[in-house]
Amino acid sequence: AAKDGGRGRFHFYAPDLHSDAEERRQMEEDLRDAVSNGGLELYYQPVVQTATEKITGFEALLRWNHPEHGWISPSRFIPIAEDTGLIAPIGEWALRTACQDLSRWPENVRVAVNVSPLQFANPSLPVIVTNALASSQVAAERLELEITESVFLNDDEGTDQMFKSLKAIGVRLALDDFGTGYSSLGYLRSAPFDKIKIDQSFVRGATQPGSRNGAIIASIVSLAEALGMETTAEGVETLDELDLVRMLGCSHVQGYIYERPLSSMNAAARLSTGLMAIAQGPRSARAAR
Ligand code: C2E
Ligand code: MG
Ligand code: MG
Ligand code: MG
């Protein structure tokens, strides 16, 4: 029978499959197919600088259009990719594809690619990154790698060495989903991040009376500034949220208020219509309010 939609259950998978285990196995097989037959796509969500409302870059986000089940969210299939080792070919494909797309876009535009903890633990990641940059002839500083706090769970020399190797290549590093993990602040002392991404759970509800989220965002911003890092507020959906995170000093904003993730073709079109065009949406909405 169809599952009732608990998180992590693939209830949209065929009802004739009898167990979660079977559904999962089927999904794994389909994912393997998608990886080898070009069934995955990268979408690009604009990252906007608050001061100028210009697009400074995009975050690359995986999309899987399943032949029967339609779009499947990365928060569903990434965990399976991690359990099965498929994350290695998927992650490498994402890095190469993002660099290829980036090579066709203006030089002042960056792309951020999510890197899973398993990729980060793989000593060949620096070689994979170097090759992706070289084969599309993209400057290293145009590529940003997004890493979550969970890489610090194994706080060993490998982690330290990986940061050094990646910085030596010249790529930028962003700390994703900040504030949602279990790690201490200690790692900010030595890890060479260029940017902290403030998780959308802090943005959500921040405009409600009595919310403590604004105070938390403000303190993350001042911490980041003191350490010379930029901040992106994630998941900004409303004008009130946009006004608030600007007032609190976030240097960048990402969210549906500006744009949803776009196909690479639409991302390119968005760039060619002029970077400032993005300011029209929210601003004119504001004027009309
Ligand atoms: P993330 O890296 O934190 O990405 C941000 C997520 O927030 C994306 O979800 C994005 O579509 C969504 N988002 C952006 N603006 C808004 C908004 O205004 N409102 C709301 N409600 N959501 C917004 P998405 O694309 O479903 O990706 C989910 C997660 O899957 C990502 O979270 C990331 O952890 C993972 N992921 C996606 N692509 C990749 C990839 O290429 N490699 C790896 N390892 N993980 C990926
Ligand atoms: Mg991310
Ligand atoms: Mg995030
Ligand atoms: Mg996330």
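Placing unit charges on C-beta atoms (Lys and Arg positive, Asp and Glu negative, everything else neutral), compute the dipole magnitude of the chain about its Cα centre in debye, rounded to 20.
Value, rounded to 20: 940 debye.
Percent of Cα-Cα pairs more than 25 Å apart in the chain, please.
Summing the P(r) of the chain above 25 Å gives 51 percent of all pairs.
Let me have the 222 nm mean residue ellipticity of the chain computed from DSSP H runs of 4+ only, each contributing -39500 (n - 2.57), with the sum over all residues rounded to the nearest 500.
-12500 deg cm²/dmol
Divide the volume of the convex hull of the Cα atoms of the range 200-261 by its number of residues and quote the answer in cubic angstrom per residue. Could the numbers behind the result be given before it?
Working: hull volume 4.4 nm³, N = 62.
Looking at the range 200-261, the number lands at 70 Å³ per residue.
Sorted from largest down, what three extents in whole angstroms do the Cα atoms of the range 102-256 have along their principal axes?
Principal extents (Cα only, largest first): 49, 38, 25 Å.
Which percent of Cα-Cα pairs in the range 63-108 sits in each 10 Å bin, short to long?
Pair shares across the bins are 24, 40, 28, 8.
If packing is taken as the average count of other Cβ atoms within 10 Å, what order do 110-116, 126-132 fall into, highest mean first?
Order by mean packing, descending: 110-116, 126-132.
Carbon and sulfur atoms: what percent of the 1.4 Å accessible area of the chain do they account for?
51 percent
Which value, in Å², gives the accessible area per residue of the chain when a 1.4 Å probe is used on the protein heavy atoms? The partial results should precede the final answer.
On the way: 13860 Å² over 289 residues.
It amounts to 48 Å² per residue over the chain.
With label points built 7 Å along Cα→Cβ from the Cα atoms of D160 and R32, find their separation and express it in nm.
Once both label points are built, they end up 4.0 nm from each other.
Within the chain, how many Lys pairs that are eight or more residues apart, or on different chains, come under 27 Å at the alpha-carbon? Display every interim value, and only then the final one.
Details: K54/K167; K54/K195; K54/K197; K164/K195; K164/K197; K167/K195; K167/K197.
Eligible lysine pairs with Cα atoms under 27 Å apart amount to 7.
Report the one residue of L133, G38, V253 whose Cα lies farthest in the direction of the positive end of the charge dipole of the chain (charges on C-beta: Lys and Arg +1, Asp and Glu -1; origin at the Cα centre).
V253
The values are calculated or read from the model by the stated rules, or taken from the named source; none is laboratory data. Computed from a prediction, not measured in an experiment: that's the story for all the values here. So basically every Cβ, Gly included, is an ideal-geometry build from the backbone, and we count neighbours across all protein chains shown. These area figures cover heavy atoms from the full protein model, side chains too; ligands, DNA and RNA do not enter into them. Shrake-Rupley method; radii C 1.70, N 1.55, O 1.52, S 1.80 Å.
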